[in-house]
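> The following block contains the structure, expressed as structure tokens.
The values are calculated or read from the model by the stated rules, or taken from the named source; none is laboratory data. Bear in mind that the values here come from a model prediction, so they are computed numbers and not experimental data. As a convention, Cβ positions derive from the backbone with ideal geometry for all residues, glycine included, and neighbour counts pool all protein chains shown. Quick note on the areas: whole protein, heavy atoms, side chains included, nothing else; ligands and nucleic acids left out. Shrake-Rupley method; radii C 1.70, N 1.55, O 1.52, S 1.80 Å.
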Amino acid sequence: MDHTAIQPGVPAAKVAETAIQDGAPPGSPLHPDAHASPRRAPRHPIVQALMLLADLRLTVVLFALAMLIVFWGTLAQTDAGVWTVVNKYFRCAFVWVPLKVVCFNAIDNTVDAIPFPGGWLIGGVMLVNLLAAHAMRFKLTWNRSGIFLIHAGLIVMMLGEVITGTYQIEGQMVIREGQSSNTVIHPGQTELAIIQRDKDDVAKDHVVTIPARMLQTPGATIEDSQVPFIIEVVEYMVNHKLKFNRRPGKDQRGLAREFEALPQPEVSGVDPNQKFDLPAMYVKLSTPEGKKLGTWLFSSDLGDSQWITIKDKQYQVRLRFKELARPYTFHLKKFTHDVFPGTNTPKDFHSYIRLIDTKNGVDRDDVEIYMNAPLYYEGETFYQSSWTTDPITHKANGTVLQVVRNPGWLMPYISCAIVGIGMLIHFGHTLYRFVDRRMVR
Amino acid sequence: MNKTRLQQYLPALIAVGVTAIYFGINMRPRSDASGEFQYAKFGRLAVIDGGRLKPMQTVAQTKLMIVTHRSALSEKEGTFPAAKWLLDCMTTPLPGDPIFSAMFPDGAEAAVAFKQEVFRIENDQVLRLLKLTPRSGYRYSIVDIAPRYPELEQAVKEVLGDETRGIPAKDPKNYKLYDAKVAELWQHLNLYMKAAHHGTLLVIPNPDGSDQWTTFRDAHAKFGDAFDQDQLPDAPDAKAYGFYRTLLVAYQSKDKAGFNRALDSYLATSQGGGLINPTKIGVEIFFNNFAPFYLCLVVYGFVAVIAGFSWLAPAWTRQIQQGCYAAMALAFVVHISGLVLRMYLQDRLFVFVTNLYSSAVFIGLGCVFFCLIAEVFYKNGIAIVVGTTTGFCTLIIAHMLSLSGDTMEMMQAVLDTNFWLATHVTIITLGYTSAFVAGFMGIAYIFLGLFTNMLRKEGSAELTRMTYGVLCAGMFLSFVGTVLGGLWADYSWGRFWGWDPKENGALLIVIWIALILHARWGGMVKQRGIAVLSVLGIVVTSWSWFGTNFLGVGLHSYGFRQGAMMTLILIDLGFIAIAGLGLIPLEHWTSFRPHEPTPFKPTGGARPKPAGV
């Protein structure tokens, strides 16, 4: 570069900086100083604070932070389940991002981490930034109304995500062909159930449940008057697989004598087979009087309960997914599962169901649930999710329905209608001006 | 007057003429020489492979393409259709196969398939394993491999696992290059073995007219004895078996007349009942032979180069560019027609994108389309270069992807809905397209500004306005596309937003474009800044388009490709480097260097003003 070519006193960069007259782009009213006149008296401190909050530079920084957290939240899914990641990265104020994720999975350090604002914090500040910007520069013109609508729609969408994150309930309904079910299981919520059976009436069973989050720390003890024994946690596994126990320990009882549970990593969010975690745990049990009852293994993989006898009373104990009954019943008449000829690619899976709801007097014999055709009933949606197979013949013998209740489901629809109109107005206006200017030339 | 008119339109006419002739030559139907084996006719036979009913020609061509990366068979005697290779494989029985060794004694003796040099081995470790010396073309025959076959088998077992000895299979994610290449060679050898085994290709129609067809091997078990005793029942599947057996036996004994006769009489019957649509078979064969996307790739490549050099001849620049525009437009017509033919073949109206391959083809189409429009508004030729370059690059990517098999594979049940494929997928892919076009315009800005004088005066502002327009379109399309995806997800499996990697990728594009637009509205970036940010947008978009597939993820992971992650990273580093070039101080840019008269129009004194750069 020939330095002498630069005029003294007017560095080239300076020239570039001052010449912004061309850059009065469409939408520029959102520029923080768009309506500021240079010779105004000093502003009120509140106005100054609002100006700061409304600054577009803040917006851009927030966008950059949002991109980073979304990107890291994607990479993190190679090692963790999608909902673990969502809660850790997006539905929180702060997150410690492991160095492995920070460095794009290039290094293997999962111990050290850097703090970073989480999704809800970034989203919250964005909301403040947006509201402040509109408060500072409210003006009703065609072009502004487009921007206003876009932003209003985005606020609705973000609120919708907050509502979904807070209130959405997901579960599964598993029905074998020819059988009926009214229970929805929630694989995300595990509990230890202690059931004292009533001799005559199932409805009078006495059931105590302990949620899994109280059982996750090794060494934790549960002592409660409602529980007939003292539980001391030895090991809790988020996911496990069973193998035969060749050399059972002396104090091992029940299932633990036959099987050994091996911890498995959490099902990764990027697993294409969409499995779910199967927790298990080893506990030491003892009576309140201090009599040792040995070490027990509870596994959510095997549906059977184990019986524990204390003072001649029998208790059924089971680690299970939370189950909730519905006031109506699904009867699976038939399940079909077709693949493309000569391949394993699923072509169609289809549940033929009879829905019986005595309370509301409903008896529909013609319900069909299949891919892209869910059933909506009583505020819940039932989607064809998967199927069960016979362990011997490997043939499909039952259906797995995804059950979702989401009070915020309408919000995205409202939001995109608003944003859509806003974008049409805004970009339509931009396009119109663009073509207009071209025509004039 | 007329003369000047002619002069004005001559370049465009010549360009259209040359391009049309190029397309026309490739459109001609391929026919067989009379008296020879009727390979083209053999290609018309309907089979079911990969779940789809298709002509034998597609099967032969895609499999040969996988093995050798060529769509035709090169032998010493000349070039033959892929169908010849498939026939040779079918009639060269596996060593020790009693059934087909007895059926094709001449084929077993000649063992043509063993001698064909079709298996590509480029990796030097694999070559060393097989004790082969590198040769031009890197294509080897089974005879070449055979002496070291036990060693190869051993290496394969170490990669793919061996149940009898308890060696677990390696996770494809942890493959080293050598592992991948061994597995690949094994897969290629398997294609021959499967063809010779006759146990996978569904060629025998079901007599009940359904799509549950059977293989030649199964049919032989059922009808073999009856055929020997000349007592074949009068059923479509028995007839098909008899036909294939006669045909293949004739082929292996070099009985051309018998082969052709069998073909003629069988094709005259309705082979598979109402399932087969002969028009469709014909269209697919035409489509395969025409290879429209490959031809467009060639045309775009040439146009990009010619348009790129058009500025070297200032007196002719405009005319050359008009010619380029015309050729580009004609290629665009062929490009879109190819996609329409695909829709017809797949029975999916308005569904442009069904897999990663077609997304590349469609992004190319979109890039060319956007640039054809931009050139109407800004007659400066930049859009021609950008459009044809992006079209060329995306079609190269598509071509690479097509090497791994049939590009019209069947779709998973959950994706099998034409409405959402036509709306969500099309629009989101157009969103990617805009981001790419904007990015390449950014590259054009950086290179033209750095090395030429073209961004002086109005040039800079004009190119930025073009980029800005494409970015706005990109914002609109990727937002709408992403939201439609959310609505599909809500409708199909109960959540609007699942934080799935592909969804996140789309969200990243939306945020990135929003960031650029807000930075511009806030005056934080101007013309040069928009160019640099748009180039980085290519990196973001390529992550969403390709990168998320490498995580092996969820419902969107339809396109996992071995080793491609590294390529993607390298390409992205290249774009980041270009964006870095854009940060060179403006006084070093040719276009913005002060005190230098423009070579085009010496204005004497009036210093070019880098307005709002």
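> Got a number for residues in segment B:17-60 being within 25 Å of B:L297 (Cβ to Cβ), surrounded by 22 or more Cβ atoms within 10 Å (Cβ to Cβ) and touching a Pro at 6+ places or on another chain (Cβ under 8 Å)?
Residues in segment B:17-60 being within 25 Å of B:L297 (Cβ to Cβ), surrounded by 22 or more Cβ atoms within 10 Å (Cβ to Cβ) and touching a Pro at 6+ places or on another chain (Cβ under 8 Å): 3 in total.
> Separate question: Any idea which residue in segment A:60-84 is farthest from B:S544 (Cα to Cα), counting only those that are touching a helix residue (DSSP H, G or I) at 6+ places or on another chain (Cβ under 6 Å) and facing chain B (nearest Cβ under 7 Å)?
A:V60
> Tell me the strands (runs of 3 or more DSSP E) entirely within segment A:309-387 that contain at least 2 residues that are among the hydrophobic types (A, V, I, L, M, F, W, C).
Result: A:313-339, A:346-357, A:362-370.
> While we're looking at this one, here's another question. So is A:E258 open to solvent by 30 Å² or more (accessible area, probe 1.4 Å) and within 14 Å of another protein chain (Cβ to nearest Cβ) or not?
For A:E258, the condition - open to solvent by 30 Å² or more (accessible area, probe 1.4 Å) and within 14 Å of another protein chain (Cβ to nearest Cβ) - is not met.
> Is there a residue being over 14 Å from B:G494 (Cα atoms), in contact with a Pro (Cβ under 8 Å, 6 or more places away or on another chain), assigned to a helix (DSSP H, G or I) and open to solvent by less than 40 Å² (accessible area, probe 1.4 Å) anywhere in segment A:427-441?
Yes, segment A:427-441 has at least one match.
> Among the residues of segment B:521-530, is any open to solvent by less than 30 Å² (accessible area, probe 1.4 Å), in contact (Cβ under 8 Å) with a residue 40 or more places away in the chain and closer than 19 Å to A:A66 by Cα?
Within segment B:521-530, none of the residues are open to solvent by less than 30 Å² (accessible area, probe 1.4 Å), in contact (Cβ under 8 Å) with a residue 40 or more places away in the chain and closer than 19 Å to A:A66 by Cα.
> Across segment B:175-207, which residue is nearest to B:E122 (Cα to Cα) among those that are within 13 Å of chain A (Cβ to nearest Cβ) and either in contact with a Gly (Cβ under 7 Å, 6 or more places away or on another chain) or open to solvent by 40 Å² or more (accessible area, probe 1.4 Å) (or both)?
B:K194
> Is it fair to say B:V112 is under 19 Å from B:A196 (Cα atoms) and touching an Asp or Glu at 6+ places or on another chain (Cβ under 8 Å)?
yes
> For the subset of segment A:277-297 comprising residues that are free of Cβ contacts under 8 Å to residues at least 40 places away in the same chain and farther than 16 Å from A:R318 by Cβ, which member is least open to solvent (accessible area, probe 1.4 Å)?
The extreme case among them is A:G290.
> Given the options B:P55, B:P29, name the one that is in contact (Cβ under 8 Å) with a residue 60 or more places away in the chain and touching a Gly at 6+ places or on another chain (Cβ under 8 Å).
B:P55
> Further, regarding this structure: Could you list all residues from segment A:384-441 that are out of contact with any Lys or Arg (no Cβ under 8 Å at 6 or more places or on another chain), among the hydrophobic types (A, V, I, L, M, F, W, C) and closer than 21 Å to B:M475 by Cβ?
A:I414, A:C416, A:A417, A:I418, A:V419, A:I421, A:M423, A:L424, A:I425, A:F427, A:L431, A:V435
> Do we find that B:A461 is within 29 Å of the chain's Cα centre (by Cα), at pLDDT 90 or above and assigned to a helix (DSSP H, G or I) in this structure?
Taking the combined requirement at face value, the residue does not satisfy it.
> Would you confirm, using the coordinates I've provided, whether A:V362 is away from every other protein chain (no Cβ under 14 Å), free of Cβ contacts under 8 Å to residues at least 40 places away in the same chain and surrounded by 15 or more Cβ atoms within 10 Å (Cβ to Cβ)?
Criteria not met by A:V362.
> Looking at segment B:536-549, can you tell me whether even one residue there is over 29 Å from the mean Cα position of the chain (by Cα), more than 7 Å from chain A (Cβ to nearest Cβ) and closer than 23 Å to B:E462 by Cβ?
no
> Which count do you get for residues in segment B:557-583 that are at the interface with chain A (Cβ under 10 Å from one of its Cβ atoms) and at pLDDT 75 or above?
1
> Being away from chain B (no Cβ under 14 Å), of a type in the set (A, V, I, L, M) and open to solvent by 50 Å² or more (accessible area, probe 1.4 Å) is the filter here, so list the residues in segment A:304-350 that pass it.
Scanning segment A:304-350 gives A:L324, A:A325.
> Against the condition open to solvent by 10 Å² or more (accessible area, probe 1.4 Å), of a type outside the set (K, R) and modelled with pLDDT of 95 or more, how does B:I511 come out, does it pass?
In short, yes.
> Any residue at all in segment A:127-146 that's within 25 Å of the chain's Cα centre (by Cα) and either surrounded by fewer than 19 Cβ atoms within 10 Å (Cβ to Cβ) or closer than 23 Å to B:K502 by Cα (or both)?
Yes, that holds for at least one residue.
> Anything in segment A:200-220 that is exposed (fewer than 12 other Cβ atoms within 10 Å of the Cβ) and either of a type outside the set (V, I, T) or over 30 Å from the mean Cα position of the chain (by Cα) (or both)? List them, or say none.
A:D200, A:D201, A:V202, A:A203, A:K204, A:D205, A:H206, A:R213, A:G219 - these are the residues of segment A:200-220 that are exposed (fewer than 12 other Cβ atoms within 10 Å of the Cβ) and either of a type outside the set (V, I, T) or over 30 Å from the mean Cα position of the chain (by Cα) (or both).
> Just give me the residues in segment B:61-79 being touching a Phe, Trp or Tyr at 6+ places or on another chain (Cβ under 7 Å) and open to solvent by 10 Å² or more (accessible area, probe 1.4 Å), in sequence order.
B:A72
> Looking at segment A:40-79, which of its residues are in a loop (DSSP other than H, G, I, E, B) and either among the acidic types (D, E) or open to solvent by 20 Å² or more (accessible area, probe 1.4 Å) (or both)?
Residues satisfying the conditions are A:R40, A:A41, A:P42, A:R43, A:H44, A:D55, A:D79.
> Taking segment B:483-502 as the search range and keeping residues that are surrounded by 22 or more Cβ atoms within 10 Å (Cβ to Cβ) and more than 8 Å from chain A (Cβ to nearest Cβ), which one is modelled with the highest pLDDT?
Among those residues, the one meeting the criterion is B:G485.
> So if I check each of B:L263, B:L247, B:L177, which one is over 21 Å from B:P93 (Cβ atoms) and in contact with a Leu (Cβ under 8 Å, 6 or more places away or on another chain)?
Result of the check over B:L263, B:L247, B:L177: B:L263.
> Could you check, for segment B:314-336, whether at least one of its residues is charged (D, E, K, R) and surrounded by fewer than 18 Cβ atoms within 10 Å (Cβ to Cβ)?
Yes: one or more hits.
> Checking A:F434 against (1) more than 8 Å from chain B (Cβ to nearest Cβ); (2) more than 30 Å from A:H350 (Cα to Cα), only one condition comes out false. Which one?
Condition (1) is where A:F434 drops out.
> I need a count of the residues in segment A:190-219 that are part of a loop (DSSP other than H, G, I, E, B) and under 18 Å from A:G294 (Cβ atoms).
2
> Among the residues of segment B:415-434, are any within 11 Å of chain A (Cβ to nearest Cβ) and small (G, A, S)?
Looking for residues that are within 11 Å of chain A (Cβ to nearest Cβ) and small (G, A, S), one finds none in segment B:415-434, hence no.
> Looking at (1) in contact with a Lys or Arg (Cβ under 9 Å, 6 or more places away or on another chain); (2) within 14 Å of chain A (Cβ to nearest Cβ); (3) open to solvent by less than 20 Å² (accessible area, probe 1.4 Å), find the lone condition where B:L455 falls short.
Checking B:L455 against (1) in contact with a Lys or Arg (Cβ under 9 Å, 6 or more places away or on another chain); (2) within 14 Å of chain A (Cβ to nearest Cβ); (3) open to solvent by less than 20 Å² (accessible area, probe 1.4 Å), the one that fails is (1).
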